[in-house]
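*Asks:* Mind looking over this structure? Questions follow.
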Amino acid sequence: MDAMIVRGGRVLNGEVEVSGAKNAALPLIFSTLLASGEHVFFNTPRLNDIQSACQLLNLFGCETKHDGHVLRIKVKPLKSLEAHYDVVRKMRASILCLGPLIARYGKAHVSLPGGCAIGTRPIDLHLEGIKALGAEVAMENGYVVASAKKLTGANVLFETTTVGGTENIMMAATLADGITRIENAAKEPEIVDLANYLNKMGAEISGAGTSIITIKGVSSLKAAEHEIIPDRIEAGTLLIAGAITGGTVTVKKSRLDHMPAVIEKMCEAGFSIHAERDAITIEKAATWRGVDITTAPHPAFPTDLQAQFMALMTQAEGTSVITETIFENRFMHVQELVRLGANITPKTRVAVVRGSRGGLEGAPVMATDLRASACLVLAGLAAKGETKVNRIYHLDRGYEHLETKLQRLGADIQRTGNGS
Ligand code: EPZ
């Protein structure tokens with residue numbers, strides 16, 4: 001299996017361009033099931049998860065073509081309405097086909113995704129939402145079997161804010177009879193991007209980006225074109241890559257308004273950050289302070305940057321208390337950082353990081369999930385000597401050529417084929 005070899009001590013400087021957002025592209029890909037014809041997405045990142053989503057659409061009977069960063073999806077009459085376990089277990093976001101299939105075809109046979117490294121990842125809120133719109137939902141041999149003659153608009157109140165649940169219900173409601181009101185909706189930029197595309201297709205959605213989204217059902221939708229928003233999590237990762245090495249880095253095609261909490265916390269730690277049009281620059285800093293963060297739904301600090309920020313805090317002066325409120329097991333990177341010499345005390349949902357500049361020594365470490373992989377690469381940039389990040393395939397799910405982007409900024413990083 002592939003590994004990443006990082007030789008620390010280099011200062012990263014320069015400009016780097018962020019790719020399209022994985023977590024916007026995935027729901028957009030499944031939204032195409034709502035309308036026949038050719039859908040075109042620009043700025044589509046080349047990632048394993050995108051490939052998996054397209055494979056599932058191919059199994060349904062759609063044609064997909066990903067040239068460069070342009071993804072064309074031709075939706076024709078489907079030959080299957082089943083999302084098989086073998087695909088869904090590899091890419092949990094496949095559950096986002098449920099809402100579109102039910103809304104447009106009245107049937108769906110979707111494997112339960114199962115858990116993953118960071119948590120049990122239930123889908124009970126998705127299913128309650130689909131039922132509220134009038135679907136019959138049963139569980140058969142690990143599959144969700146859902147059917148509905150025609151969905152009917154309803155009020156859906158999520159007791160927990162859920163990104164995927166909001167996306168599934170928003171998509172399903174576009175073709176329901178009447179009005180659907182989603183309360184306690186997720187407010188992530190990716191929700192807004194999906195609503196914008198659905199409205200381009202002819203949907204009538206208002207309130208995306210707030211906690212109340214209203215969808216007025218329409219009789220049909222049509223294929224359209226769309227430019228996917230930049231990936232705020234990759235942007236944050238690249239800014240931290242500059243920061244942790246004491247360099248000045250400009251991340252192009254990134255949006256300050258997509259990452260308010262991250263920018264605020266980096267400034268609180270002592271970094272100077274400024275933005276021109278669609279680029280964010282972090283200025284080099286000789287030292288920075290430990291700051292506390294608590295992950296929570298947007299616009300609070302994103303859980304997908306918790307691990308990367310923790311790497312930065314291992315090099316801070318002082319203590320940082322990191323609280324993870326979204327997933328129950330998202331500290332798998334802690335023990336690996338400790339192997340590199342970090343001083344971190346993990347509790348159930350809280351990790352106390354006692355930072356010290358230059359305290360990391362390179363060592364072999366194990367990537368356990370997508371964002372933990374990025375965290376360990378960042379720590380390797382700051383560590384003395386060589387860090388070998390094993391099982392780096394996790395990284396390829398969500399970062400497009402991260403090592404090339406870091407090399408361009410001056411990092412000494414190579415991918416090797418003999419990771420364990
Ligand atoms: C999306 O996952 C993202 N994935 C995740 O990014 C991200 O970490 C997460 O939102 C939170 O921001 C995609 O967009 C493809 P949730 P999602 O439903 O939709 C609980 C990455 O690294 N919950 O908002 O699955 C759940 O257990 C990935 O790019 C239920 O209890 O997350 C969690 O505690 C990782 N029942 C909380 O809600 C449900 O039916 C938030 O989960 C659904 C969720």
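*Asks:* Kindly evaluate Glu317 against the criterion of being over 21 Å from Leu239 (Cα atoms) and not hydrophobic (A, V, I, L, M, F, W, C).
*Replies:* no
*Asks:* Just to be sure before I move on: is Ala372 modelled with pLDDT of 95 or more, closer than 24 Å to His298 by Cβ, assigned to a helix (DSSP H, G or I) and of a type in the set (A, V, I, L, M, F, W, C) in the structure I sent?
*Replies:* So Ala372 passes the test.
*Asks:* Tell me which of these Val18 doesn't satisfy, since it passes every other one: (1) in contact with a strand residue (DSSP E or B) (Cβ under 9 Å, 6 or more places away or on another chain); (2) surrounded by fewer than 20 Cβ atoms within 10 Å (Cβ to Cβ); (3) under 27 Å from Ile392 (Cβ atoms); (4) not small (Gly, Ala, Ser).
*Replies:* The failed condition is (2).
*Asks:* So, one more: Sort out for me the strands (runs of 3 or more DSSP E) sitting completely within the stretch 1-84 that have 1 or more residues that are of a type in the set (A, V, I, L, M, F, W, C) and touching a Phe, Trp or Tyr at 6+ places or on another chain (Cβ under 7 Å).
*Replies:* 70-75
*Asks:* When you go through Ala176, Ala186, Ala172 one by one, which is the residue that is more than 18 Å from the chain's Cα centre (by Cα), in contact (Cβ under 8 Å) with a residue 40 or more places away in the chain and within 16 Å of the ligand (Cβ to nearest atom)?
*Replies:* It is Ala172.
*Asks:* Here is a check on your reading of the model: is Asn343 within 16 Å of the ligand (Cβ to nearest atom), surrounded by fewer than 17 Cβ atoms within 10 Å (Cβ to Cβ) and at negative phi?
*Replies:* no
*Asks:* A further question on this structure: If Gly247 satisfies all but one of (1) surrounded by 23 or more Cβ atoms within 10 Å (Cβ to Cβ); (2) more than 16 Å from the ligand (Cβ to nearest atom); (3) more than 21 Å from the chain's Cα centre (by Cα); (4) not in a strand (DSSP E or B), what's the number of the condition it fails?
*Replies:* Going through the list (1) surrounded by 23 or more Cβ atoms within 10 Å (Cβ to Cβ); (2) more than 16 Å from the ligand (Cβ to nearest atom); (3) more than 21 Å from the chain's Cα centre (by Cα); (4) not in a strand (DSSP E or B), Gly247 breaks only (1).
*Asks:* Now for a separate question. Restricting to the stretch 92-115, and then to whatever is away from the ligand (no atom under 15 Å from the Cβ), small (Gly, Ala, Ser) and touching a residue at least 40 places away in the same chain (Cβ under 8 Å), can you tell me which residue is surrounded by the fewest Cβ atoms within 10 Å (Cβ to Cβ)?
*Replies:* Per the stated criteria, the residue is Gly106.
*Asks:* Specify the residue that is surrounded by the most Cβ atoms within 10 Å (Cβ to Cβ); the eligible residues are those in the stretch 262-302 that are polar (S, T, N, Q) and free of Cβ contacts under 8 Å to residues at least 60 places away in the same chain.
*Replies:* If we take residues in the stretch 262-302 being polar (S, T, N, Q) and free of Cβ contacts under 8 Å to residues at least 60 places away in the same chain, then Thr295 is surrounded by the most Cβ atoms within 10 Å (Cβ to Cβ).
*Asks:* Oh, and also: Among the residues of the stretch 159-169, count how many are more than 8 Å from the ligand (Cβ to nearest atom) and surrounded by fewer than 22 Cβ atoms within 10 Å (Cβ to Cβ).
*Replies:* 1
*Asks:* Taking the stretch 60-83 only, how many residues are modelled with pLDDT under 95 and either surrounded by fewer than 22 Cβ atoms within 10 Å (Cβ to Cβ) or under 12 Å from Thr32 (Cα atoms) (or both)?
*Replies:* Number of matching residues: 7.
*Asks:* Something else: So which residues in the stretch 310-340 are within 16 Å of Leu370 (Cβ to Cβ) and either within 9 Å of the ligand (Cβ to nearest atom) or in contact with a Phe, Trp or Tyr (Cβ under 8 Å, 6 or more places away or on another chain) (or both)?
*Replies:* Once the filter is applied, which keeps residues that are within 16 Å of Leu370 (Cβ to Cβ) and either within 9 Å of the ligand (Cβ to nearest atom) or in contact with a Phe, Trp or Tyr (Cβ under 8 Å, 6 or more places away or on another chain) (or both), the stretch 310-340 yields Glu324, Ile326, Phe327, Arg330.
*Asks:* Name the single residue that is nearest to Arg397 (Cα to Cα) among those in the stretch 116-145 being away from the ligand (no atom under 11 Å from the Cβ), part of a strand (DSSP E or B) and not β-branched (Val, Ile, Thr).
*Replies:* Per the stated criteria, the residue is Tyr143.
The values are calculated or read from the model by the stated rules, or taken from the named source; none is laboratory data. Just so we're clear, the structure is a prediction, and the values are computed from it rather than from any experiment. Methodologically, a virtual Cβ is constructed for each residue, glycine included, from the backbone with ideal geometry; neighbour enumeration extends over all protein chains shown.
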